[in-house]
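Read the structure below first, then the notes.
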Amino acid sequence: AARGCGGVWHRARQCGAGRPWPGPFPRGQRAVACNARGGAVPAGKSGLAPWIPVVGLEIHAQISSNSKLFSGSQVQFAAPPNSLVSFFDASLPGTLPVLNRRCVEAAVMTGLALNCSINKKSLFDRKHYFYADLPAGYQITQQRVPIAVNGSLSYSLCIDNKMSQMVTKTVRIKQIQLEQDSGKSLHDDTRCQTLVDLNRAGVGLMEVVMEPDMCCGEEAAAAVRELQLILQTLGSSQAVMAEGQLRVDANVSVHHPGEPYGVRTEVKNINSIRFLAKAVDYEIQRQIEELENGGTILNETRAFDSKLGCTVPMRDKEGKQDYRFMPEPNLPPLILYDAKSLPANMNHQQVINIDWIHERLPDLPSVKREKLVEQYGILPEHSFALLNEDGLAEFFESVVKQTQMKPKKVIGWILNDLLSYLKQHSLTVKESPVSSFLLADLLNLLEKKEISSSAAKQVLAELWKGEGKTPLEIVKEQKLELLQDQKELEQICQAVIDGHENE
């Protein structure tokens with residue numbers, strides 16, 4: 001509760017600040033609310049004992065690399081099935097793993113960005129389980145000594161859905177480990193068969209394990225979105241969830257204050273930030289409902305059905321899975337160096353220097369936001385909006401450099417007009433038919449008072465058609481100029497009066 005966990009609300013219950021929870025819920029249902037100010041809200045049939053939800057995340061990020069973690073096979077999304085499979089990926093006898101340097105550097109970079117301690121010596125392990133898309137019968141991972149440990153991730157939340165009121169929270173990072181991905185099973189229900197595609201088998205992953213420091217779907221979604229931005233800024237992962245490059249497992253439980261954590265369930269392979277928030281909140285609701293009705297929570301794995309908006313059972317965990325972890329015999333310990341430990345006369349191409357990577361870290365999203373606010377005088381919430389859309393901050397800065405309009409006015413046109421057009425047409429910033437040059441040209445006409453604000457919106461609508469016309473050409477074609485000549489304006493007014501004597 002002290003971490004800032006919102007409680008679970010009954011339909012007519014008031015929160016601590018005396019505000020009713022908006023919106024009717026069907027009988028027997030509740031909404032999970034994140035209270036960013038902190039504290040738990042009483043809930044339950046007695047109205048006395050609050051429920052405290054606990055949420056922890058395990059996130060698999062696909063490393064941005066040309067080849068796989070232990071083989072030279074290419075990494076490419078949507079390639080023809082089984083076209084990118086080396087002998088090692090197919091686990092043919094006698095094949096050996098060769099560690100990909102790029103994957104190690106990406107993991108070190110990510111660990112540093114998440115304030116982790118980088119282990120100069122990390123180990124690889126075999127995690128055994130049988131599945132059709134895992135031809136070796138085991139996965140190479142880092143269970144005992146991972147590459148990075150004990151980090152933290154700060155993220156921001158809106159209070160009461162108001163962008164102007166934000167609070168920063170922190171979730172602890174337990175560890176980051178390197179591991180190989182499995183293949184993909186495609187289940188054909190019509191023919192009652194399963195097809196296996198091994199293109200993904202062996203692709204390098206970073207598993208980011210977060211401590212159970214969150215309490216609702218909103219917090220989980222905000223933390224994953226911030227992690228996604230960091231990975232994309234670093235270039236260590238493209239983190240496109242629609243392509244399976246960022247997959248989230250959420251561990252959820254509920255308990256009363258002063259009691260041990262409740263039995264947790266795991267919601268597997270969530271591939272959308274919006275679905276993550278819904279899945280976590282639904283699971284919290286479901287568990288409370290079950291417990292209040294005298295039921296018990298099973299330690300099970302569940303999946304989120306996005307069409308139904310609920311979680312469904314996949315498999316139970318009544319007996320703990322025995323993965324029979326053992327040291328990977330074909331890989332030596334992974335040794336990293338820093339400036340102090342780097343041996344003299346060492347070939348720099350054969351080692352990885354942690355300090356060298358640290359010096360070359362780019363500005364992280366939090367630093368970029370601060371710089372945008374400081375340099376352009378925009379509101380903090382506007383800096384979040386700019387960074388949440390890939391390429392929008394760069395677009396904004398490009399417009400500011402090319403226009404005489406103040407940044408505080410430019411930001412309105414970027415967020416209210418351009419962004420709404422992009423959303424309506426499901427386009428990215430890079431796909432926008434209106435370039436930063438054209439928008440700056442339009443805003444210069446507005447700033448010089450050659451056109452009105454409403455005329456500028458008309459011109460923007462024409463520019464959006466992508467017909468290759470400049471703002472000035474559109475203004476002249478449609479006669480949208482503001483009159484600057486007072487005598488000309490007087491003549492028009494006089495002509496109107498003369499032509500309408502009765503009126």
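The values are calculated or read from the model by the stated rules, or taken from the named source; none is laboratory data. Since the model is a prediction, treat every value here as computed from it, not as a measurement. We place every Cβ from the backbone using ideal geometry, glycine too, and count neighbours over all the protein chains shown. These accessible areas exclude ligands, DNA and RNA; they are computed on the full protein's heavy atoms, side chains included. Shrake-Rupley method; radii C 1.70, N 1.55, O 1.52, S 1.80 Å.
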Which chymotrypsin sites (Phe, Trp or Tyr not before Pro) does the range 124-172 hold that lie in a coil by DSSP with at most 11 other beta carbons within 10 Å? F130
Accessible area of C192, 1.4 Å probe, to the nearest 10 Å²? 120
Report, please, the projected area of the chain averaged over directions, based on the convex hull of its C-alpha atoms, in nm². 35.2
So what is the relative contact order of the range 52-327, in percent, for Cα pairs below 8 Å that sit 6 or more residues apart? 23
For the chain, the helices passing both cut-offs (Cα extent along own axis of 24 Å or more, Kyte-Doolittle mean at least -1.0, full DSSP H runs) are 217-234, 273-292
Taking all protein chains as present, what is the carbon and sulfur share of the accessible area of the chain, in % to the nearest whole number, probe 1.4 Å? 51
Roughly how many debye, to the nearest 20, is the charge dipole of the chain about its Cα centre, given +1 on each Lys and Arg Cβ, -1 on each Asp and Glu Cβ, and no other charges? 1420
For the range 131-194, which trypsin sites (Lys or Arg not before Pro) pass both filters: DSSP loop (anything but H, G, I, E, B) and at most 11 other C-beta atoms within 10 Å? R191
Work out how much length A344 to A79 would gain on full extension: take 0.36 nm times their residue separation and subtract the Cα-Cα distance, in nm to one decimal. 91.0 nm
Let me have the 222 nm mean residue ellipticity of the chain computed from DSSP H runs of 4+ only, each contributing -39500 (n - 2.57), with the sum over all residues rounded to the nearest 500. -9000 deg cm²/dmol
How much FRET efficiency would the formula 1/(1 + (r/R0)^6) give for M166 and K401, where r is the Cβ-Cβ distance and R0 is 25 Å, rounded to 0.05? 0.35
Distance from the Cα centre of the range 83-130 to that of the range 290-319, in angstrom? 32
Efficiency of FRET from Cβ geometry, M326 and N115, R₀ 30 Å, rounded to 0.05: 0.45
For the chain, what is the accessible area per residue in Å² when the probe is 1.4 Å? 52
Over what distance in Å are the Cα centres of the range 177-208 and the range 463-503 separated? 63
